[in-house]
Amino acid sequence: MPLPTFLPGCWKRNWIHRSDGPKPGDNKVSVLYLQTSSYFVDVRSTPTGQSQGGEGTLAFAGVATASSLPSGGAVVRWHALLEHGSGARGAESWALAAQGVPQETQDTGVFERKDDRGEGVWGEKAEDGSLEEEWVKVGSGGVCVAAIKEGGGIYVRVNSGGKWGYADAGRGIWAAGGEDGVEVGIGVRGGTKLKEIVEGEDVKEWRVVEGEGGLEELWGLH
């Protein structure tokens with residue numbers, strides 16, 4: 001089932017509130033979540049340039065599925081193929097994801113528009129009520145691109161706003177940003193340009209699975 005039209009794009013998290021935590025929600029961890037019509041990259045870390053990890057650090061990438069709600073929101077499920085600290089899933093997981101039938105996941109959230117908070121602001125709640133997050137869309141879907149390095153890497157790009165995400169478990173690099181370079185990263189410094197991150201990569205190991213265009217051009221390697 002296709003993702004709801006509101007979901008593809010680049011999202012920045014305003015805060016997270018856990019049911020056993022203090023209010024207002026915690027905003028100390030920077031988060032960028034990029035979603036195409038299938039693949040995603042989500043990177044969460046303390047401010048880039050101050051720390052390359054530590055408390056709150058989390059990153060994962062894979063494919064998303066969703067079920068639309070009558071309210072206009074959706075129950076979204078994230079099926080991770082790569083996780084910071086855990087590496088990559090096996091070949092079967094990648095194959096099932098490519099076929100549009102990813103393995104089951106416990107990572108789900110209910111997205112609902114928060115009209116009282118302004119345009120592009122959405123709330124996400126865990127189905128068990130354990131946490132709530134507020135997200136703002138900073139780049140719409142437009143024409144999205146996704147590429148994968150079988151069993152090890154995922155790259156996504158959201159054309160509106162020039163936002164991109166890059167995850168490579170083997171290299172230990174997780175990054176999300178835009179034309180000015182990395183905004184949130186693990187294993188890479190803030191401001192690093194995408195071209196610098198991918199320099200030396202064997203483009204033949206990657207293949208575009210969504211959208212069009214050669215990676216050399218998308219990555220600025222020409």
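The values are calculated or read from the model by the stated rules, or taken from the named source; none is laboratory data. Owing to the predicted nature of the structure, the values given are computational and were not obtained by experimental measurement. Using ideal geometry, Cβ is built from the backbone for each residue, glycine included, and neighbour counts are taken over all protein chains shown.
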The one condition GLY211 fails out of (1) on the phi > 0 side of the Ramachandran plot; (2) in contact with a Gly (Cβ under 7 Å, 6 or more places away or on another chain) is (2)
Selection over the range 182-206 where residues are touching a residue at least 40 places away in the same chain (Cβ under 8 Å), under 15 Å from LYS149 (Cβ atoms) and exposed (fewer than 14 other Cβ atoms within 10 Å of the Cβ) yields a count of 1
Considering the range 142-169, residues that are in contact with a helix residue (DSSP H, G or I) (Cβ under 7 Å, 6 or more places away or on another chain) and of a type outside the set (Asp, Glu), and then whichever is surrounded by the most Cβ atoms within 10 Å (Cβ to Cβ), we arrive at TYR166
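Take the conditions outside any loop (DSSP other than H, G, I, E, B), of a type in the set (Val, Ile, Thr) and either surrounded by 14 or more Cβ atoms within 10 Å (Cβ to Cβ) or modelled with pLDDT of 90 or more (or both) and apply them to VAL209. Does it pass? Working first, answer last.
Working: outside any loop (DSSP other than H, G, I, E, B): yes; of a type in the set (Val, Ile, Thr): yes; either surrounded by 14 or more Cβ atoms within 10 Å (Cβ to Cβ) or modelled with pLDDT of 90 or more (or both): yes.
For VAL209, the condition - outside any loop (DSSP other than H, G, I, E, B), of a type in the set (Val, Ile, Thr) and either surrounded by 14 or more Cβ atoms within 10 Å (Cβ to Cβ) or modelled with pLDDT of 90 or more (or both) - is met.
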Pairs returned, first residue in the range 62-81 that is over 12 Å from LEU3 (Cβ atoms), second residue that is of a type in the set (Phe, Trp, Tyr), beta-carbon separation under 7 angstrom, 6 or more apart or interchain, are GLY62/PHE40; GLY62/TRP78; GLY73/PHE111; ALA80/PHE60; LEU81/TRP94
Checked the range 155-169 for anything closer than 15 Å to GLY62 by Cα and not basic (Lys, Arg); matches are TYR155, VAL156, TRP164, GLY165, TYR166, ALA167, ASP168, ALA169
